[in-house]
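A.B. asks: Before I ask anything, let me first share the structure, which is written out below as structure tokens.
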Amino acid sequence: MDEKRQSAPVVVEETLDPDDWLDVTRLAHRVVDDAVAHLRHVRQRPVWQEMPRGVRSRFNEPLPRDPQPLEAVLRTVAADVMPYPMGNVHPRFWAWYMGSGNVTGALADFLAAIQGSNLGGGNHAAALVDRQVVDWCKEMVGFPTTASGTLTSGGSVANLIGLTVARNVKAGIDVRGLGVAAIEKPLRFYGSDQIHSCHRKAVETLGLGNRALRRIITDADFCIDVFALRKAIAEDRAKGFQPACIIANAGSVNTGAIDDLEALAALAAEEGTWLHVDGCIGALIAIAPRNRSLVAGLERADSLALDPHKWLHAPFDVGCCLVKDAAAHRDSFATISEYLESTSRGLASAEWLHELGLQTSRSFRALKVWMAMKEHGVDKFGRLIDQNIDQARHLSLLVEATPNLSLMAPTSINIVCFRFDPGGLDEAALKTLNTEIMLRLQEDGVAVLSDTTLRGRHCLRAAICNHRTRYDDVELLVAEIVRRGNLLVGMR
Ligand SMILES: *Cc1c(COP(=O)(O)O)cnc(C)c1O
């Protein structure tokens, strides 16, 4: 033994840790000061601004070879990155569908990275936080404690996980072992013509093909026509297909329409299909004291996708998939790997969380939800959801009361579809006009809206998922749209 002992080789060992920890402490304090000020003064800045060419060109640098002090890197971030955000933390950002973040969540992301835990699983505190957040999600939407769930990168992956379990349960064969080609009767999934594009990606990824997802017509409120759905299922059955899964919208992406969840749950039970609810927008209305009845029936879903980075305002990214049948969830993803065996004690003596989804390594995204919910309490998040719905109703009333503005869809929750219509213009001209108004609002840094097309009619779309928005902001939006619209029409 002794003669084999060798002294360590004489090399210079390196590490990414700083030489001077005090120096990093000083810089880190400054980062925190600047970051908090950034958020505190967000209202004073433009929602969005185009990057000057000089700034843009600095992102074409080759791979850095030479080191530079952290202080210099931070200066570059302050000059070139922080002033040009997407803008969704601003009180007048209402495009697509996002949350507006929160300072506690940002601190949590920092601490999660400092602790560095990997949520593939294991016996450690981060895993317990993760499990607790999933349990809280179940409680918020009325799922039983026996349900299973996992935090994901967002709603798209949460939906993919739910639809994967649906496919596997309804395939009638061991689809994991044999593949989709061995399924006897081709599976059919159903959603309304308003479902989010991630469902198309999901059925394509699942090997079912886009055509396996039938889009069912919607009524005047953009909710699925349950009668037409029932007919489509019967037709498919007669043709030898296997109706497998109904995808319900609890808040559609275009207009916020909430399908009749009770009717769909009854139909799914009658037809023996899976019921998956896409609640990325609306599932959390279940915690809103004045509006929760809008999503009654949510708890009857077999699986449910929700998005804490939307109406819980967790900084990106965090989504969640819940599955009522815990065994079916695990059976869809569990694997036995010789390098990931559990032990009776120690770090590997807990369930492997990677057995609940696609990722092996996962970030400690639970902490930002956990900390903000403990700080504010669930009731406040519920009241903020009610507040956004009230603001959207206010905007809808303003639109209806303002000459040259028209509402383009019923406002059921927090999404308002409308347009500037001075009369006498055809559809193409209205699209050009409204697109120009939208772009000018962005470029002037006043507000960020997006647009969509409903039954062939183009419109502006404001999705108010923002705890910083005030009634004043909504009123300013209306005034600024009318001003720009009138100006553009006058200029024609
Ligand atoms: C946002 C959204 C998704 C996708 O979720 P991500 O978090 O962006 O991946 C799916 N469905 C609906 C209805 C959404 O609003």
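A.B. asks: Rounded to the nearest 0.05, what FRET efficiency do Arg457 and Leu128 have when you use their Cβ-Cβ distance and R0 = 51 Å? Mind dumping the intermediate values first?
C.D. replies: Working: r = 50 Å, r/R0 = 0.98.
The computed FRET efficiency comes out at 0.50.
A.B. asks: Excluding same-chain residues fewer than 8 positions from Lys185, which lysines have a Cα within less than 30 Å of its Cα?
C.D. replies: Leaving aside lysines fewer than 8 places away in the same chain, those within reach of Lys185 are Lys170, Lys201, Lys231, Lys239, Lys324.
A.B. asks: For the stretch 111-253, count all C-alpha to C-alpha pairs, find those more than 21 Å apart, and express that count as a whole percent of the total.
C.D. replies: Numbers: 5550 of 10153 pairs.
That tail contains 55 percent of the Cα-Cα pairs.
A.B. asks: Rounded to the nearest percent, how much of the accessible area of the stretch 107-377 (1.4 Å probe, protein heavy atoms only) is carbon and sulfur?
C.D. replies: Reported share for carbon and sulfur atoms: 54 percent.
A.B. asks: Turning to a different aspect of this structure: Considering only protein heavy atoms, what per residue accessible area in square angstrom results for the chain with a 1.4 angstrom probe?
C.D. replies: Ligands and nucleic acids excluded, the result is 49 Å² per residue.
A.B. asks: Grab the other residues whose beta carbon is less than 15 angstrom from that of Gly272, score K and R as +1, D and E as -1, and report the net.
C.D. replies: After counting each charged neighbour, the total is +2.
A.B. asks: Under 11 Å from the Cβ of Ser252, count the other residues' Cβ atoms, weight Lys and Arg +1, Asp and Glu -1, and hand me the total.
C.D. replies: Around Ser252, the surrounding residues sum to -4.
A.B. asks: Same structure, new question: Considering only protein heavy atoms and a 1.4 Å probe, what is the carbon-and-sulfur percentage of the accessible area of the stretch 379-491?
C.D. replies: That fraction is 52 percent.
A.B. asks: Putting +1 on Lys and Arg Cβ atoms and -1 on Asp and Glu Cβ atoms, find which of Thr25, Asn254, Val277 reaches farthest to the positive end of the dipole of the chain.
C.D. replies: Selected residue: Asn254.
A.B. asks: Additional query: By a straight-distance test (C-alpha under 23 Å), which lysines pair with Lys374 as possible cross-link partners, with residues fewer than eight away in the same chain excluded?
C.D. replies: Answer for Lys374, where 23 Å is the Cα cut-off: Lys138, Lys310, listed by chain and number.
A.B. asks: Also: Normalised by the residues of the stretch 107-377, what does the relative contact order come to in percent, with Cα pairs under 8 Å and at least six apart? Mind dumping the intermediate values first?
C.D. replies: Details: 510 pairs, mean separation 81.6, N = 271.
Relative contact order, the stretch 107-377: 30 percent.
A.B. asks: Could you compute the net charge surrounding Arg419? Neighbours are other residues with a C-beta less than 14 Å from the C-beta of Arg419; K and R count +1, D and E count -1.
C.D. replies: Result for the local shell: -1.
A.B. asks: Working out 0.36 nm times the residue gap between Ser197 and Asn486, then minus their Cα-Cα distance, what length gain in nm do you get to one decimal?
C.D. replies: Roughly 100.6 nm would be gained on extension.
A.B. asks: Summarise the accessible area of the stretch 22-87 (1.4 Å probe, protein heavy atoms) by the percent that is carbon and sulfur.
C.D. replies: Roughly 60 percent, rounded to a whole number.
A.B. asks: Can you give the % of DSSP beta bridges in the chain that are antiparallel, to the nearest 5?
C.D. replies: Percentage antiparallel, nearest 5: 60.
A.B. asks: Treat every Asp and Glu Cβ in the chain as -1 and every Lys and Arg Cβ as +1, leave all other atoms uncharged, and give the resulting dipole magnitude about the Cα centre to the nearest 20 debye. Don't skip to the end; give the middle numbers.
C.D. replies: Numbers: 54 positive and 60 negative charges, 208 e Å.
I would put it at about 1000 debye.
A.B. asks: Working from the pairwise distances between different alpha carbons, so that the mean of 1/r is found and then inverted, what is the chain's Kirkwood radius in Å?
C.D. replies: So the Kirkwood estimate lands at 25.0 Å.
A.B. asks: Just how many % of Cα pairs in the stretch 379-491 lie over 22 Å apart, if you round to the nearest whole percent? Don't skip to the answer; put the middle values down first.
C.D. replies: On the way: 1791 of 6328 pairs.
I get 28 percent for the Cα pairs in the stretch 379-491 exceeding 22 Å.
A.B. asks: May I pose another question? Hey, what did the chain get for relative contact order, percent, Cα under 8 Å, at least 6 apart?
C.D. replies: Result for the chain is 21 percent.
A.B. asks: I need the calculated FRET efficiency for the pair Thr435 and Glu400, taking r as the beta carbon distance and R₀ as 22 Å, to the nearest 0.05.
C.D. replies: 0.50
A.B. asks: Quickly work out the Leu178-to-Asp20 label distance, labels modelled 7 Å from Cα along the C-beta direction, and quote it in nm with one decimal.
C.D. replies: It works out to 6.9 nm between the two label points.
The values are calculated or read from the model by the stated rules, or taken from the named source; none is laboratory data. Predicted model, so just to flag it, every value in this text is computed and none were measured. We place every Cβ from the backbone using ideal geometry, glycine too, and count neighbours over all the protein chains shown. Note: accessible area is taken over every heavy atom of the protein model, side chains too, but ligands, DNA and RNA are not part of it. Shrake-Rupley method; radii C 1.70, N 1.55, O 1.52, S 1.80 Å.
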